[in-house]
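Rule-based calculations on the coordinates, nothing more; no lab input. Everything quoted here is computed from the prediction, not taken from an experiment. Glycine also receives a Cβ, built like all others from the backbone with ideal geometry; neighbour counts cover every protein chain displayed.
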Amino acid sequence: MAETIAPTDHLNATIPIQWYEFNDAAPARSLCTDCGVSRTEEPSRCASACQFIKPDYDRAEITAHGRRRDAENPEEVYFGVHKQMYTARLSQPKAGAQWTGITTTLAEQLLREDVVDAVIAVGPATDDFWKPVPCVITDPDQLAQVRGMRMGYAPVVACIEPALASGYRRLAVVAIPCQVYALRALETELKASGKLDELLVIGTPCSDNTYTEHFHEFLNLLTDTPEDVNYLEFCTDYHVEMRFKQGGVKRIPFLSLPLSNLRSDFFPMTCRTCVDYTNSLADITVGYMGGDGQQWLIVRNKNGEHILSLLQDQLVLTAPRAAGKRRGSVAGFIENTRRAAGGLPLRKMPNFMRPIMGKLMPKLGPKGLEFARARIEMKAAEAILHLEQKHPKRARHMLPWFIGRQVSGYAISTASVQQDRHVK
Ligand SMILES: Cc1cc2nc3c(=O)[nH]c(=O)nc-3n(C[C@H](O)[C@H](O)[C@H](O)COP(=O)(O)OP(=O)(O)OC[C@H]3O[C@@H](n4cnc5c(N)ncnc54)[C@H](O)[C@@H]3O)c2cc1C
Ligand code: SF4
Ligand code: SF4
């Protein structure tokens, strides 16, 4: 039975931004990020649309990009199908954006140039700045209201139905990877039924997401004034950056984060077993992990090229660089994750070493694309180890072949990873 969703207009009643606050809890499912499919008219589509049930990334990539990632090209094994990659920034950064605002400005341009009728994205809840609430936007000026990152899960995909019902047949969606997998699965069916003409996807990478309530616990450990924090990012120079409403900035080295004080289920099993860090099914991915202090664009197909072309005169683009060596930090991470997944105590650095290493890591650690590769290998290892430990039956359905290739240089069993069916 489809849930009735109530549009609210909580930021400004005079503007055509349609918010969809889902007050009811999502249907209880194991390994679910409430992407929205279970709240549509046909919740049974979860069986074929979910990245946590039986995903088929090869088929999804062929549908989205016309081909699957090239198994002979190490860059594609890591970053997915792509035509170009860039380090990027907007020449005039946008206020309130997570980085410089490329994501929301691309969506804005799609509306301005009449390429799409509406954009589905997420913005802040009325009562909680950090809680993501999905919305349908038709006025390009309103993209400013949804800038910035929220921690938590929002049923973005469920907004497709009210958007189509309003007559918007050409849609753009800003979404994270587990939402995009489901979106792509529904796209074929919606186009075949004649309801949808166009779906453009601007994706962001995603890792280490958690419930908004858990994130508040984390904020409380970082500062005495959590209610004043309006920005947080895990930066590539190994610091968490927090900004405050009053204008202050606080930067904490990763090694000094109070991670051992967090509850053991702080990160849900979904986000520990997620296999698509770079949002490989988006037309264009806008992240920062390979950007060496700037934004990082992965243009995947013709639609992605077209989307980017609308912003060309506002962007500063350069070739991404890579520096440093990732192997040591990834091997150490894998060993600790193996211990954690098996319930063993973690190997901790002595306290006196932390400030020293906190200063050295930005200088010695991997940078640019090497940093992104390190994070991808860590995520792949984490998914294998946690699935084998907690969901062994699901592991062989959830781990695509490229996950095995990403960790092939480390001492980790890939027995539960799917074989590459294209290999003769
Ligand atoms: C939970 C989370 C984890 C992330 N982890 C990484 C990472 O490890 N590496 C990396 O390179 N990038 C990561 N990103 C993406 C990164 O934070 C930036 O959003 C991205 O680089 C775009 O910056 P921008 O200035 O162009 O975005 P903006 O122009 O400010 O637009 C950001 C848009 O992101 C969308 N968004 C924000 N929060 C959510 C959410 N919870 N769910 C769905 N959509 C949301 C909204 O639609 C918003 O409009 C993550 C994003 C999220 C939401
Ligand atoms: S498709 Fe979405 S709603 Fe359905 S089980 Fe998967 S994550 Fe949950
Ligand atoms: S880490 Fe993966 S599963 Fe978790 S919210 Fe991000 S995309 Fe979804």
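Please report Lys367, Lys379, Lys54 as a ranked list, fewest other C-beta atoms within 10 angstrom at the top and most at the bottom.
With the sparsest Cβ surroundings first, the list reads Lys54, Lys367, Lys379.
At 222 nm, what helix-only mean residue ellipticity would the chain give, in deg cm²/dmol to the nearest 500, using -39500 (n - 2.57) for each DSSP H run of four or more?
-9500 deg cm²/dmol
Along segment 167-182, what does the Karplus equation 6.51 cos²θ - 1.76 cosθ + 1.60 (θ = phi - 60°) give for ³J(HN,Hα), rounded to whole Hz, x for Gly and Pro?
Those phi angles translate into x, 7, 9, 10, 10, 10, 10, 9, 7, 8, x, 5, 6, 6, 4, 5 Hz.
If we count other beta carbons within 10 Å of each Cβ, what is the order of Asp114, Asp276, fewest first?
Values: Asp114 8, Asp276 26.
Least crowded to most crowded, the residues run Asp114, Asp276.
Can you tell me how much longer the chain between Ser309 and Met269 gets when fully stretched, taken as 0.36 nm per residue apart minus their C-alpha distance, in nm with one decimal?
Full-extension gain reported as 10.6 nm.
Compute the Cα gyration tensor for segment 203-295, then decide on rounded, prolate or oblate, letting a ≥ b ≥ c be the square roots of its eigenvalues: rounded whenever a/c is under 1.5, prolate when a/b is larger than b/c in the other cases, and oblate in all that remain. Please report the intermediate quantities before stating the final value.
Numbers: a/c = 1.91, a/b = 1.29, b/c = 1.49.
Since a/c reaches 1.5 but b/c is at least a/b, the shape of segment 203-295 is classed as oblate.
Whole-Å semi-axes of the chain's equivalent ellipsoid, largest first, each the root of 5 times a Cα gyration tensor eigenvalue?
31, 26, 22
By count of other Cβ within 10 Å, fewest leading, how are Lys83, Lys131 ordered?
Lowest to highest Cβ neighbour count: Lys83, Lys131.
Could you give the radius of gyration (one decimal) and Dmax (whole number) of the Cα atoms in segment 70-117, in Å?
14.9, 41
Separation between the Ile62 and Phe234 pseudo-spin-labels, each 7 Å from Cα along Cα→Cβ, expressed in nm?
My value for the distance between the label points is 3.4 nm.
Cβ under 11 Å from Met269's Cβ, Met269 left aside: what net charge do those residues give with Lys, Arg +1 and Asp, Glu -1?
Surrounding charge for Met269 is +1.
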